[in-house]
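Enquirer: Provided herewith is a single structure, encoded as structure tokens, for subsequent inquiry.
The values are calculated or read from the model by the stated rules, or taken from the named source; none is laboratory data. Treat the numbers as computed from the prediction; the structure is a model and nothing was measured. Counting neighbours? That spans all protein chains shown, and the Cβs are built from the backbone with ideal geometry, glycine included. Accessible surface areas use protein heavy atoms only, side chains included; no ligands, DNA or RNA. Shrake-Rupley method; radii C 1.70, N 1.55, O 1.52, S 1.80 Å.
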Amino acid sequence: MNAVFVNGLVCKNPKYVKPEDFFFSGLDKAGDTSKNLGSNVTLVNVDRLAGLNTLGISLARIDFAPKNGLNPPHIHPRATEVLTVMEGTLYVGFVTSAPEFKLFSKVLNKGDVFVFPQGLIHFQFNFGAVPAVAFAGLSSQNPGLVTVANTVFGSNPPISDDVLAKAFQLDKKTVDWLQAQFSNSN
């Protein structure tokens, strides 16, 4: 029998499916927020939980350090995200596409929910004095992630500094400095 692929992954033969294919443990544990952005995302997608294959969902726990923990501007090209704050306070938002580029933002407290539409740049920021924790549901088993700064300034090979200087209206020295900051982020 030939393997059946759904959404790029092989469907497991039902004879070999086991309870562990539908189980993940660990979302009760805080992630390490000591890195320079002060956040940690624990993603549970089809790569970590095989039973999600074909179901069109995944989830994440996001931990934020107090005072400036940031989940930086990013995009999920294949998913809408629904975020629920479990602890702390977060400033969140997304920006619409051209021509408006309108920012929709809100300060969220424990129990609040915010939706980030698929494919739009969005962020979460903890300006509070205590750690924050949020859980996100995503409408894809494999939502994808494009972190804006890492992608633009940390590509391999690098995007020409002529292109970036013109696009961001910066001098080449500033572009070179930004590229150096993100060259090891991939």
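Enquirer: Scale the Cα Rg of the chain by the rule-of-thumb value 2.2 N^0.38 Å and send over the ratio, two decimals. Display every interim value, and only then the final one.
Expert: Working: Rg = 18.7 Å, N = 186, 2.2 N^0.38 = 16.0 Å.
Dividing the Cα Rg of the chain by 2.2 N^0.38 Å gives 1.17.
Enquirer: My understanding is that a pair violates if its Cα-Cα distance is over 30 Å; which of 35/172; 67/102; 102/166; 29/110; 29/173; 35/110 do that in this structure? Don't jump to the answer; show the numbers that get you there.
Expert: Details: 35/172 28 Å; 67/102 26 Å; 102/166 23 Å; 29/110 18 Å; 29/173 42 Å; 35/110 24 Å.
Result: 29/173 exceed 30 Å.
Enquirer: Rounded to the nearest 0.05, what FRET efficiency do residue 173 and residue 105 give with R0 = 41 Å and r taken as the Cβ-Cβ distance? Could you check? Provide the component values of the computation, followed by the final result.
Expert: Numbers: r = 32 Å, r/R0 = 0.78.
That gives a FRET efficiency of 0.80.
Enquirer: Between 141, 169, 124, where does the largest GNM mean-square fluctuation fall for the chain, given springs only between Cα atoms within less than 10 Å?
Expert: 169
Enquirer: Further, regarding this structure: Find the accessible area per residue for region 22-144; the probe is 1.4 Å, ligands and nucleic acids are left out, and the unit is Å².
Expert: Values: 6180 Å² over 123 residues.
Value for region 22-144: 50 Å² per residue.
Enquirer: Still on this model: Can you give the relative contact order of the chain as a percent, counting alpha carbon pairs under 8 Å and 6+ residues apart?
Expert: Details: 395 pairs, mean separation 40.9, N = 186.
Computed value for the chain: 22 percent relative contact order.
Enquirer: While we're here: Rounded, prolate or oblate: which fits region 13-118 when a ≥ b ≥ c are the square roots of the eigenvalues of the alpha-carbon gyration tensor, with rounded for a/c under 1.5 and prolate only if a/b beats b/c?
Expert: Working: a/c = 2.41, a/b = 1.47, b/c = 1.64.
Verdict is oblate for region 13-118.
Enquirer: Give me the Å³ per residue figure for the convex hull around the C-alpha atoms of region 101-160. Don't skip to the answer; put the middle values down first.
Expert: Numbers: hull volume 9.0 nm³, N = 60.
Output value, Cα hull per residue: 150 Å³.
Enquirer: Now for a different question. With bins 5 Å wide starting at 0, give me the P(r) of region 147-186 over every alpha carbon pair, in whole percents.
Expert: That works out to 6, 29, 39, 21, 6, in percent per bin.
Enquirer: Using only helices, what value at 222 nm comes out for the chain when you add -39,500 (n - 2.57) per DSSP H run of length 4 or more and divide by the total residues, to the nearest 500 deg cm²/dmol?
Expert: Values: 3 runs with 25 residues, N = 186.
Helices in the chain give a 222 nm mean residue ellipticity of -3500 deg cm²/dmol.
Enquirer: Can I ask one more? Taking the Cβ-Cβ separation of residue 156 and residue 32 as r and a Förster radius of 22 Å, what is the calculated FRET efficiency to the nearest 0.05?
Expert: Details: r = 25 Å, r/R0 = 1.14.
Efficiency computed from Cβ-Cβ geometry: 0.30.
Enquirer: Moving on to the next point. Could you compute the longest span of the chain free of trypsin sites (Lys or Arg not before Pro) located in DSSP loops and having at most 15 other Cβ atoms within 10 Å, not counting the site residues?
Expert: Numbers: sites that count: 12, 29, 35, 48, 67, 102, 110.
Between the exposed loop sites, the longest stretch runs 111-186.
Enquirer: Which distance in Å, rounded to a whole number, links the C-alpha centroids of region 52-71 and region 76-108?
Expert: 13 Å
Enquirer: Just to make sure I understand: if all protein chains stay in place, what is the order of 16, 91 by accessible area at 1.4 Å, largest first? Intermediate values should be presented prior to the final figure.
Expert: Working: 16 145, 91 70 Å².
Largest accessible area first, the list is 16, 91.
Enquirer: Also: Have a look at 160, 97, 105 and tell me which one the Gaussian network model of the chain (Cα, springs below 10 Å) gives the largest fluctuation.
Expert: Result: 160 has the largest fluctuation of those listed.
Enquirer: Keeping every protein chain in place, order 41, 148 by accessible area at 1.4 Å, biggest value first, i.e. largest first. Walk me through the numbers before you get to the answer.
Expert: Values: 41 75, 148 45 Å².
Putting 41, 148 in descending order of accessible area: 41, 148.
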